[in-house]
Amino acid sequence: MTVQEISPLRSWFSSFLSSSSPKCKEHCKDCSEANDDDRWERERAFDIADTLETGMAREIVTEFTHPLRRARQLWKFQVERSADNLQYRLLSGNGDFLMYARVSLEIRQVGFFLYDPDENQNLYNGAKPAFSMSWSKDKTEWCIVQERCENCQFSPKHLTCACYGKQQIAWISHHRKPIGAGIFNCMEVQVPGLHEDGSRVVWCPLTGRDDLSVAIDDDSQEAHELITKEPSWNDQIQSLVLDFKGREIISSAKNFQLGMAHNPEHVLCQYGKIGAQTFGLDFKYPLSAIQAFGISLSTIFWT
């Protein structure tokens, strides 16, 4: 008897049925373009209605922001990279498309989209990512934000957090550390925590929360801190090594494993090269798909 693996992400069609911060003046352009946005949304609504009939519309982002279901083992995903290293696709373990990301070097930003531009040209809009990730000039600090915050999505556009920095999904910091004769790329990650009922903490600036980059109280459940598991230096092969259980990994500076700051040996996320342009991305609760995908792409400059 064969057993089919259940995806950790709910069907996005079923979800649809069940349904440091920039200053405001830096985002005023978004607010002033409301008329163009509304016009585009009206035209796009017809395409969505047509696509709903085929079960291919995916307008609800919550399944990408909620943590995966609890499991003993890591859920397995894949990341496919384009030849120019500027486009990435997150795929399920079965090869199903989940999310598309495009790197814009000139504006220091990665846009994350719920539609594949090669498959859904009518619904894909390169100017309208569901999430975005920006990085600092020295490439050491990264921040993932949700473009439409569920905390203030029904407020007038000029009163939403889009004018105050947007809802934060994760904050990532990089540094390098010598281990043996090698150099280890380190990472520290802050993500919003979970309430006692299992719901997410929505890190909206209008709720009075500080930037995720601000140090958090170790006893607080408002946010979680993750750090990279340190590799060991192997004299025999003259290389840093990590044990990627369940994966055959190719040596790469982008390979990493993450665990909670208080127990980094218990791996919650791992990213490793498995082909010329393919990476294995395995993660589990309490991380969400957009957090894991974004964290993995923050390594694009690691060498």
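The values are calculated or read from the model by the stated rules, or taken from the named source; none is laboratory data. Note that the structure is a prediction, hence the values are computed from the model and not measured. We place every Cβ from the backbone using ideal geometry, glycine too, and count neighbours over all the protein chains shown. Please note that ligands, DNA and RNA were not included when accessible areas were found on the heavy atoms of the full protein model with its side chains. Shrake-Rupley method; radii C 1.70, N 1.55, O 1.52, S 1.80 Å.
Close contacts from segment 272-291, counting a first residue that is closer than 16 Å to residue 228 by Cβ and in a loop (DSSP other than H, G, I, E, B) and a second that is open to solvent by less than 10 Å² (accessible area, probe 1.4 Å) and modelled with pLDDT under 95, with Cβ to Cβ under 9 Å and a gap of 6+ residues or different chains, come to 287/68. Report yes if some residue within segment 262-269 is of a type in the set (Asp, Glu), in contact with a Lys or Arg (Cβ under 9 Å, 6 or more places away or on another chain) and either buried (at least 19 other Cβ atoms within 10 Å of the Cβ) or assigned to a strand (DSSP E or B) (or both); otherwise report no. Yes, segment 262-269 contains a residue that is of a type in the set (Asp, Glu), in contact with a Lys or Arg (Cβ under 9 Å, 6 or more places away or on another chain) and either buried (at least 19 other Cβ atoms within 10 Å of the Cβ) or assigned to a strand (DSSP E or B) (or both). Evaluate the following for residue 78: is it surrounded by fewer than 22 Cβ atoms within 10 Å (Cβ to Cβ) and either assigned to a loop (DSSP other than H, G, I, E, B) or on the phi > 0 side of the Ramachandran plot (or both)? It is false that residue 78 is surrounded by fewer than 22 Cβ atoms within 10 Å (Cβ to Cβ) and either assigned to a loop (DSSP other than H, G, I, E, B) or on the phi > 0 side of the Ramachandran plot (or both).
Taking segment 120-154, which residues are polar (S, T, N, Q) and either outside any loop (DSSP other than H, G, I, E, B) or touching an Asp or Glu at 6+ places or on another chain (Cβ under 7 Å) (or both)? Answer for segment 120-154, where residues must be polar (S, T, N, Q) and either outside any loop (DSSP other than H, G, I, E, B) or touching an Asp or Glu at 6+ places or on another chain (Cβ under 7 Å) (or both): 122, 132, 134, 146. In the set 96, 116, only one residue is loosely packed, with under 15 Cβ neighbours inside 10 Å and farther than 21 Å from residue 169 by Cα; that residue is 96.
Confirm whether residue 137 is under 30 Å from residue 303 (Cβ atoms), basic (Lys, Arg) and open to solvent by 20 Å² or more (accessible area, probe 1.4 Å). Yes: the conditions hold for residue 137. Can you pull out the residues in segment 119-137 that are at pLDDT 95 or above and polar (S, T, N, Q)? Matches in segment 119-137: 132, 134, 136.
Just the residues that are under 24 Å from residue 133 (Cα atoms) and open to solvent by 30 Å² or more (accessible area, probe 1.4 Å), please, taken from segment 270-299. Correct list: 273, 277, 285.
Out of all the residues in segment 157-210, which are among the hydroxyl-bearing types (Ser, Thr, Tyr) and under 20 Å from residue 285 (Cβ atoms)? Residue satisfying the conditions is 199 alone. Those strands (runs of 3 or more DSSP E) of segment 161-240 in which 3 or more residues are crowded, with 18+ Cβ neighbours inside 10 Å occupy 167-179, 182-192, 223-228.
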